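The values are calculated or read from the model by the stated rules, or taken from the named source; none is laboratory data. Just so it is clear, the model here is predicted, and its values are computed rather than measured. Glycine gets a Cβ as well: all are built from the backbone with ideal geometry, and neighbour counts include every protein chain shown. Note: accessible area is taken over every heavy atom of the protein model, side chains too, but ligands, DNA and RNA are not part of it. Shrake-Rupley method; radii C 1.70, N 1.55, O 1.52, S 1.80 Å.
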Amino acid sequence: MKNFITLLLFVSLSTLILSQQIDKDYFKNNSEVYFSFSISSKSEIKTLTRIISIDDVKGNQVYAYANEKEFLEFEKLNYSYTILPHPGKLIEPEMSSSIEGIKAWDVYPTYDAYVNMLNLYKVNYPGLCRIVDGGLTVQGRKILFAVISDNVNQKEAEPQFMYTSSIHGDETTGYVLMLRLIDSLLTAYGTNQRVTNLVNNVEIWINPLANPDGTYHAGNNTVNGATRYNYYGYDLNRNFPDPIEGVYPDQQIETSRFRAIAESNNFALVANFHGGTEVINYPWDTWTNEYPDYKHHPDEAWYAYISHLYADTCQANSTSGYMTGFDDGTTNGGAWYIINGGRQDYTNYYRWGREVTMEISDTKLVPANQLPLFWNYNKKSFLKYMETVLKGVNGLITDTLGNPIKAKITVLNHDVDNSEVYSDATGFYLRMLSPGTYSLKFDAPNYYSQTINNVIVSSYNSLTTLNVELVSSIIPVELVSFNAIVIDNTVQLNWVTATEKNNSGFQIERNTPLNPLSRGEAECNDAWESIGFLIGTGTTTEPQAYSFIDEDLSTGKYQYRLKQIDFDGSYSYSNVVEIEVLNPTKFVLEQNYPNPFNPSTTISYQIPTASNVSLKVYDVLGNEVITLVNEFKQAGSYDVTFDAAKKSLNASSVYFYELKAGNFIQTRKMILLK
């Protein structure tokens, strides 16, 4: 098919090739020009790529685009050139504004139908699909992303993946194929095991159209006249932050929209779709991997593998000759030709992710009736590439309390040029690697780094799960829990530490009802009173449990906190817990404890209202031995000690104690046993 199209275009368009010199009025009617020229040496591309947008290099023949300003700069270099017919104007493609018509997948959608189609997926599959509006272009068109996952409205501990297409507006094959992929994933979920597994375990982002102003340059109802550049005449794939050039001075709004999405997420793997040739292009684009200026990505072998896997799968599902050029359908970007400001290197260098460029059709604006063929060629490769994020080394990074940590994961003696990766807000990380044995270092601010050796990746298709727990380097003691339990007029404080470092101990502090904190902490530091101290464990990574009893409390609200003190005197406070000691609901005289006793015992009682209270002890003849209480008491619970030795009671005997409070009278028996 490819050779037939090439021959047809050559025969039908060869007569349309323009003259060597561009017409002086050309840019009055055209926002960009497509042209070719010859170079003497590939080293010339280093200069040329900073002036014009190179599209392809075949031997010494260069194909390129330029806006008016760029072309004037190019002409100063005195190359002989040939103006070529613009790829976006070669055919009048079949369009459809009907969603049902679009779903035949052999037409291009109008812009409005495209937007409606994405929104309908959200309506029809609310649990699987949401639409993220990345923002508007210069002309007010939307940059849209379909997000697909089994719990699409929740952030899960799983890899994020992105497909994006048509950053060059006249390269439209991927545009329709991405729409069809969205449809395929949603309709096959639950019935196709492979698709279901992907949707259940990956957060999938698909942006079918990255440059809508370029694709619909001639209006919302046709892709004829599509341009490579955006509305303002910029190549968006030369507009991203670059490892050499840095941030582009005239960053376009579409670039800003994509950066905002990328920098608020943690995409592990990305692919961007193009047209004009058929090849999988892997990093770097900014640098060549050829002598003498070579720079290899540390994961170049892994990149070559996943790129060949995509191309090989295409070859197995297509007509002869598809995706077979270059190195059997793959190429290192810089070995083909270097560019600056590409989004592929932005992802790899600035976002610590992995991205390749997929050129999936020799023809940029493919006749609509051929789109189903390209779907058949690529659909299995789409899934295989996505499944890459289910392989490698992954896991969760947490602190000792189980809280997620955003950490840096470095493969020692391997990672360079920002090839390390980071965990996301859930603590999830993914490091895709070639087979081998590695040492992984985990770093996060305010935590001790941890290195794990002998991490084995047995094959390109294997998955090693490695969860990592990092210990804080700042907080001396990590509290797992701190709570209080009220038992009558007694409070029991319990707390557990996960780790301790240089912990001298805990000072237990109480704020009483008479000193409320409502005035603010700054005014009430003196309201806290120390009621006890428990010795700490020093330094340990083992959990430690502590308990403290605060007794004989009056009715009211109390607050407690722990002051953890280091051996050097530094300290920090725990959170505050608040409890309330309630009034008893009835009069109660408890059995003394212990009973029998010798020589002392405790008598407990409760009164639900303020009363005149009398508590007396009598012998078996009814003679009063001692008055323990004879006063007005507020409602509450009370404990009183009776010491027989103080009354010189030296013989075993039975005694009675009687409580009178208001109209309440109760007597109990106790035994002194010598």
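Can you flag which of K122/K391; K24/K142; K563/K633; K89/K142; K633/K674; K69/K142 are past 32 Å Cα-Cα?
K24/K142; K563/K633; K633/K674
On a full-extension model of 0.36 nm per residue, what is the gain between V620 and D643, subtracting their alpha-carbon distance, rounded to one decimal in nm?
Roughly 6.5 nm would be gained on extension.
With a cut-off of 8 Å between alpha carbons and a minimum separation of six or more residues, what is the relative contact order of region 316-451 in percent?
Here the relative contact order equals 21 percent.
Could you rank R257, R50 by how accessible they are, 1.4 Å probe, largest area first?
R50, R257
To test your reading of the geometry: what angle, between 0 and 90 degrees and rounded to tens, separates the Cα axis of helix 371-386 from the longest principal axis of the chain?
With both axes taken from Cα atoms, the answer is about 40 degrees.
Using Cα extents along the principal axes in Å as the read-out, say which of (1) 88, 59, 47; (2) 158, 67, 47; (3) 134, 54, 48 was calculated from these coordinates.
Here Cα extents along the principal axes in Å agrees with entry (3).
Return, ordered by residue number, the residues of region 622-648 whose backbone nitrogen is under 14 Å from a label point located 7 Å along Cα→Cβ of Q666.
636-639
Contact order normalised by length for the chain, with contacts defined as Cα pairs under 8 Å and 6 or more residues apart; what percent is it?
RCO, the chain: 8 percent.
Measure off, as a whole percent, the carbon and sulfur share of the 1.4 Å-probe accessible area of region 219-275, all protein chains present.
45 percent
Ordered by residue, what ³J(HN,Hα) values in Hz, to whole numbers, does region 34-48 give under the Karplus form 6.51 cos²θ - 1.76 cosθ + 1.60, where θ = phi - 60° and Gly and Pro are x?
10, 8, 9, 6, 9, 10, 8, 9, 5, 5, 5, 4, 4, 7, 4
Return one number: the angle in degrees, 0 to 90 and rounded to the nearest 10, between the long axis of the Cα atoms of helix 173-188 and the longest principal axis of the Cα atoms of the chain.
Here the helix axis deviates by roughly 40 degrees.
Which aspartates and glutamates, on any chain, are close to K46 with Cα under 13 Å apart, when same-chain ones fewer than 8 places away are left out?
Reachable aspartates and glutamates: E245, D285, D293.
Roughly how many nanometres apart are two label points built 7 Å out from the Cα toward the Cβ at E94 and K406?
4.9 nm
For a quick check of understanding: with a 1.4 angstrom probe and all protein chains in place, what accessible area in square angstrom does K58 have, to the nearest ten?
Accessible area, nearest 10 Å²: 120 Å².
By its C-alpha gyration tensor, with a ≥ b ≥ c as the square roots of the eigenvalues, how is region 169-270 shaped: rounded for a/c under 1.5, else prolate for a/b larger than b/c, else oblate?
Here region 169-270 falls in the oblate category.
Of R431, R141, which has the most accessible area and how do the rest follow, probe 1.4 Å?
Descending accessible area places them as R141, R431.
What is region 150-195 by shape, rounded, prolate or oblate, if you read a ≥ b ≥ c off the alpha carbon gyration tensor as root eigenvalues and call it rounded for a/c under 1.5, prolate for a/b larger than b/c, and oblate otherwise?
oblate
Label region 209-358 by shape, choosing from rounded, prolate and oblate, from the square roots a ≥ b ≥ c of the eigenvalues of the Cα gyration tensor; if a/c is under 1.5 it is rounded, and otherwise prolate applies when a/b is larger than b/c, oblate when it is not.
oblate
Please list, in order, the residues from region 563-607 whose amide nitrogen is less than 19 Å from a point placed 7 Å along the Cα→Cβ vector of N494.
575-581
Please list I338, I485, I54 from largest to smallest accessible area, probe radius 1.4 Å, with all protein chains kept in place.
Reading off the accessible areas and sorting them downward yields I485, I338, I54.
Past 30 Å, Cα to Cα: identify those pairs from K384/K406; K42/K384; K586/K669, in the order given.
Pairs exceeding the cut-off: K42/K384.
May I ask you to derive the FRET efficiency for S43 and T319 from their Cβ-Cβ distance with R0 = 56 Å, giving the value to the nearest 0.05?
Result of the calculation: an efficiency of 0.90.
Helix-only estimate, please: 222 nm mean residue ellipticity of the chain, summing -39500 (n - 2.57) across DSSP H runs of length 4 or more and dividing by its residues, to the nearest 500.
Computed mean residue ellipticity for the chain: -5500 deg cm²/dmol.
Ignoring ligands, DNA and RNA, what percent of the 1.4 Å accessible area of region 95-195 is carbon and sulfur?
Carbon and sulfur: 44 percent of the exposed surface of region 95-195.
Looking at region 127-233, what % of its DSSP beta bridges pair antiparallel, to the nearest 5?
About 65 percent, rounded to the nearest 5.
Using a probe of 1.4 angstrom, how much of the accessible area of region 559-629 is carbon and sulfur, in percent?
After summing per-atom areas, the C and S share lands at 49 percent.
For V471, what accessible surface area do you get with a 1.4 Å probe? Give it in Å², rounded to 10.
Here the accessible area works out near 50 Å².
With every protein chain present, what is the per residue accessible area of the chain (1.4 Å probe, Å²)?
It amounts to 43 Å² per residue over the chain.
What FRET efficiency comes out for the pair H414/Q193, r = Cβ-Cβ distance, R0 = 45 Å, nearest 0.05?
Calculated value: 0.85.
Would you pull out the residues with amide H under 5 Å of T330's amide H, same chain only if 5 or more places away, H placed 1.01 Å from N?
For T330, the qualifying residues are I280.
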